[in-house]
1. Those residues that are under 14 Å from the mean Cα position of the chain (by Cα) and either in a loop (DSSP other than H, G, I, E, B) or over 15 Å from ALA13 (Cβ atoms) (or both), I need them from region 60-86; list them, please.
2. On the basis of being within 18 Å of LYS12 (Cβ to Cβ) and without any contact (Cβ under 8 Å) to a residue 60 or more places away in the chain, does ALA47 make the cut?
3. Looking only at region 95-120, how many residues end up being open to solvent by less than 60 Å² (accessible area, probe 1.4 Å), under 18 Å from GLN9 (Cα atoms) and among the β-branched types (Val, Ile, Thr)?
4. Output the residue which, of all residues in region 7-40 that are farther than 18 Å from GLU85 by Cβ, in contact with a Phe, Trp or Tyr (Cβ under 9 Å, 6 or more places away or on another chain) and not in a helix (DSSP H, G or I), is most open to solvent (accessible area, probe 1.4 Å).
Amino acid sequence: MKKTNEERQLTKAKMEIMSTLWDNCAEGKAGMTTHEIIERYPEPKPAYSTIATFLKILTNKGFIASCKQEGGGKTFVFMPLVSREEYTHRVMKEVKTTFFAGSLKSMLSFFAKQEDVSKEDLEEIWALIENHHS
């Protein structure tokens with residue numbers, strides 16, 4: 001089955017939910033309820049129904065899973081199925097293919113020219129490349 005663009009790249013709103021879930025996992029916590037996700041949002045907080053809709057979409061697309069909270073009646077807990085690293089890799093690979101004809105050299109050259117990269121950052125990047133190839 002061929003994936004659509006929305007399955008590969010998340011909208012800003014859905015990305016906000018995924019970031020919240022990823023951060024929660026990084027803190028060593030298992031999952032989050034819809035209310036807990038909303039609590040993490042800055043003001044103005046989105047409506048419960050809006051977040052619930054996005055959670056349903058993310059579940060249907062395989063980004064997250066849910067299970068009923070123990071002793072919580074109808075309350076569901078949501079957890080990511082796709083890691084931040086896996087998603088970032090997927091998106092960057094698509095950017096490389098779409099905008100740079102699959103060339104990592106072209107992509108890195110673009111960012112080196114467009115961003116204000118310090119000498120220290122370049123040295124650190126070079127050290128990462130050298131360590132990767134040793």
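The values are calculated or read from the model by the stated rules, or taken from the named source; none is laboratory data. All values reported here derive from a predicted model rather than from experimental measurement. No Cβ is skipped: glycine too gets one built from the backbone with ideal geometry, and neighbour counts run over all protein chains shown. Quick note on the areas: whole protein, heavy atoms, side chains included, nothing else; ligands and nucleic acids left out. Shrake-Rupley method; radii C 1.70, N 1.55, O 1.52, S 1.80 Å.
1. Listed by number, the residues that qualify are LYS61, GLY62, PHE63, MET79, PRO80, LEU81, VAL82, SER83, ARG84, GLU85, GLU86.
2. Considered against the rule, which asks whether it is within 18 Å of LYS12 (Cβ to Cβ) and without any contact (Cβ under 8 Å) to a residue 60 or more places away in the chain, ALA47 comes out as yes.
3. 1
4. Selected residue: THR11.
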